[in-house]
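A.B. asks: Sharing a structure below in structure tokens format, with a few things to ask.
Nothing in this text is a laboratory measurement; each read-out follows from the coordinates by a stated rule. Computed from a prediction, not measured in an experiment: that's the story for all the values here. No Cβ is skipped: glycine too gets one built from the backbone with ideal geometry, and neighbour counts run over all protein chains shown.
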Amino acid sequence: MGRLTAFGGRLQPLAPKVKAPIKVVEPFYQSKAWRELVARIKRERGNHCERCGSTKRVIADHKQERKDGGADLDPANIELLCFDHHQRKTAKARAARALGGQGTGGHQKSGSPSGS
Ligand SMILES: [Zn+2]
């Protein structure tokens, strides 16, 4: 691994930007609003996984992920998960997205239902 074959001796001008999969923590997750909401939910529901009851490394997770159009700060869209369940759920969501984004969510036109 790692040995590059020469591309016909032609130098590629836009080489050196290596795309490392850096995990960027979105500023959202450091926002006061989010932290306070999580603290409140944990207080109300108890600081444990809502699926198995584990109290290990409880993570507040968006049921519908924000990038899929889920609501940021709606408690109804937030579920407390243990590390294990969070991993599984995230992997599943990622797999679903990789499969073309079909299924739940998908391309919804998020027209906000305004009107009375
Ligand atoms: Zn769990």
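A.B. asks: How would 80, 73, 37 line up from fewest to most surrounding beta-carbon atoms within 10 angstrom? List each step's numbers first, then the result.
C.D. replies: Details: 80 22, 73 14, 37 17.
Listing 80, 73, 37 from fewest to most nearby Cβ atoms yields 73, 37, 80.
A.B. asks: Would you kindly calculate the translational diffusion coefficient of segment 47-98, applying Stokes-Einstein with the Kirkwood radius from alpha carbon pairs, for 20 °C and a viscosity of 1.002 mPa s, and quote it in µm² s⁻¹ without decimals? Intermediate values should be presented prior to the final figure.
C.D. replies: On the way: Rh = 11.2 Å.
Approximately 192 µm²/s, per Stokes-Einstein.
A.B. asks: Please give me the summed charge of the neighbours of residue 97: other residues whose Cβ is under 10 Å from its Cβ, Lys and Arg +1, Asp and Glu -1.
C.D. replies: Working: positive: 67, 92, 94; negative: 65, 68.
With Lys, Arg at +1 and Asp, Glu at -1, the net is +1.
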